[in-house]
Amino acid sequence: MDFSKEKSKFYNNLTKTIRRHIVKMTNHAGSGHPGGSLSATELMSVLFFEHMNVDPNNPDWQERDCFFLSKGHCTPVFYSVLAEKGFFPVEELMTFRDVDGRLHGHPCGEHIPGVDISSGSLGQGLSVANGVGLIAKLDGSNRRSYCMIGDGELQEGQVWEAAMTTAHYNLDNVCAIIDWNKIQLDDFVENVKGVKNLGDKFRAFGWHVVEIDGHDINAVNEAYKEAKRTKGKPTAILAHTVKGKGVSFMEDTHDWHGMAPNDEQLEIALKELA
């Protein structure tokens with residue numbers, strides 16, 4: 001079922017706000033990763049505002065759902081969603097990458113409310129998500145474990161070792177979200193080391209697969225619902241996205257994987273995101 005008119009308007013406004021945060025934060029820092037943050041905006045927004053069982057006032061609550069940003073360089077979108085959700089003040093976003101601040105280029109689980117793991121070295125998130133999912137099963141808890149993985153990151157062997165583990169233990173409380181924007185650091189994924197037939201790969205590893213347009217908030221919402229309904233096996237949401245989504249000159253290019261907009265480019269981006 002699609003979102004109501006009011007809820008659709010809410011997400012339209014929220015995703016624009018988060019995208020504005022992303023370009024302003026990276027401009028302020030003079031560095032960061034806007035491309036893969038802009039591609040993940042709808043996936044992160046709907047997850048945290050619609051499905052994650054978390055309490056911003058009690059971020060270490062033992063029965064919370066957990067989220068692991070395995071593509072840990074995409075902190076601009078992660079911090080923006082956490083701030084808008086209420087884990088820390090929105091104003092703090094403009095301390096991104098400041099030497100004396102806590103919003104580092106990669107997330108630090110020790111210092112930032114809502115961050116369940118420090119990450120940055122690619123390929124490790126799903127292994128940690130499995131640990132939380134397995135403990136929840138052993139404890140008889142309803143906690144769920146979500147992990148966002150970049151498509152370029154799927155070239156890491158540890159991801160597939162972890163994928164085998166998830167299915168082996170029938171961890172239906174684990175959901176992998178693949179931000180399939182087709183571009184990695186300096187080229188298209190298929191030119192570096194292709195991940196074709198990704199759905200078949202995950203199914204062969206024993207996963208339930210949902211393939212969606214990752215910018216369609218209704219499709220994203222239904223995918224998370226389907227993951228919750230799926231029993232006996234984990235779910236991989238394969239989300240087709242556009243790197244740099246929402247800012248015309250950043251879209252579908254590796255140029256903005258790890259480059260910040262200057263003041264002139266920021267002004268253009270903000271006009272497009274108004």
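Filter region 81-122 for residues that are farther than 13 Å from M25 by Cα and among the charged types (D, E, K, R); which is modelled with the lowest pLDDT?
Once the filter is applied, the top-ranked residue is E110.
So how many residues does region 208-220 have that are open to solvent by 10 Å² or more (accessible area, probe 1.4 Å) and part of a helix (DSSP H, G or I)?
3
If only one of F49, F3, F68, F87 is more than 18 Å from the chain's Cα centre (by Cα) and among the aromatic types (F, W, Y), which one is it?
Of the residues listed, the single one that is more than 18 Å from the chain's Cα centre (by Cα) and among the aromatic types (F, W, Y) is F3.
Identify all residues within region 265-274 that are in a helix (DSSP H, G or I), under 20 Å from N13 (Cα atoms) and not charged (D, E, K, R); write none if there are none. Break it down into steps so the answer makes sense when it comes.
Here is the first cut: in region 265-274, the residues in a helix (DSSP H, G or I) are 265-272.
In the following step, the residues that additionally are under 20 Å from N13 (Cα atoms) were identified as 266-272.
L266, I268, A269, L270, listed by residue number.
Which ranges mark the helices (runs of 4 or more DSSP H) fully within region 147-207 that have 1 or more residues being open to solvent by less than 10 Å² (accessible area, probe 1.4 Å) and touching a residue at least 40 places away in the same chain (Cβ under 8 Å)?
157-168, 198-204
Could you say whether any residue in region 223-240 is of a type in the set (S, T, N, Q), part of a strand (DSSP E or B) and touching a helix residue (DSSP H, G or I) at 6+ places or on another chain (Cβ under 6 Å)?
Yes, because at least one residue in region 223-240 is of a type in the set (S, T, N, Q), part of a strand (DSSP E or B) and touching a helix residue (DSSP H, G or I) at 6+ places or on another chain (Cβ under 6 Å).
Pairs under 6 Å by beta carbon, first residue of a type in the set (F, W, Y) in region 91-106, partner surrounded by 16 or more Cβ atoms within 10 Å (Cβ to Cβ), six or more apart or different chains?
Every condition considered, the pairs that remain are F96/M25; F96/A29; F96/L103.
Which numbered condition trips up L93, out of (1) in contact with a strand residue (DSSP E or B) (Cβ under 9 Å, 6 or more places away or on another chain); (2) in a helix (DSSP H, G or I)?
(1)
Test each condition in (1) in a loop (DSSP other than H, G, I, E, B); (2) among the basic types (K, R); (3) more than 19 Å from F68 (Cα to Cα) for R143 and report the one that comes out false.
(3)
Within region 6-28, restricting attention to residues that are among the polar types (S, T, N, Q) and more than 19 Å from the chain's Cα centre (by Cα), which residue is farthest from N218 (Cα to Cα)?
If we take residues in region 6-28 being among the polar types (S, T, N, Q) and more than 19 Å from the chain's Cα centre (by Cα), then N27 is farthest from N218 (Cα to Cα).
Which members of region 24-50 meet the condition of being open to solvent by less than 10 Å² (accessible area, probe 1.4 Å), out of contact with any Leu (no Cβ under 6 Å at 6 or more places or on another chain) and of a type in the set (A, V, I, L, M, F, W, C)?
If the condition is that a residue be open to solvent by less than 10 Å² (accessible area, probe 1.4 Å), out of contact with any Leu (no Cβ under 6 Å at 6 or more places or on another chain) and of a type in the set (A, V, I, L, M, F, W, C), then L38, A40, L43, M44, V46, L47, F48 are the ones that fit.
Taking the condition of being in a helix (DSSP H, G or I) and surrounded by fewer than 24 Cβ atoms within 10 Å (Cβ to Cβ), how many residues in region 63-82 meet it? Write out each step before concluding.
Going residue by residue through region 63-82, those that are in a helix (DSSP H, G or I) are 75-82.
Cutting the leftovers down to surrounded by fewer than 24 Cβ atoms within 10 Å (Cβ to Cβ) gives us none.
Total satisfying the criteria: 0.
Considering D2, D60, D55, which residue is surrounded by fewer than 16 Cβ atoms within 10 Å (Cβ to Cβ) and in contact with a helix residue (DSSP H, G or I) (Cβ under 8 Å, 6 or more places away or on another chain)?
Just a single option satisfies the conditions, and that option is D2.
Scan region 250-264 for residues that are crowded, with 19+ Cβ neighbours inside 10 Å and either assigned to a loop (DSSP other than H, G, I, E, B) or free of Cβ contacts under 8 Å to residues at least 12 places away in the same chain (or both) and jot them down.
Across region 250-264, the qualifying residues are H257, A260, P261.
The values are calculated or read from the model by the stated rules, or taken from the named source; none is laboratory data. These numbers were taken from a predicted model, which means no experiment stands behind them. With ideal geometry, Cβ positions are generated from the backbone for all residues, glycine too; neighbour counts draw on all protein chains shown. SASA here: full protein model, heavy atoms, side chains in, ligands and nucleic acids out. Shrake-Rupley method; radii C 1.70, N 1.55, O 1.52, S 1.80 Å.
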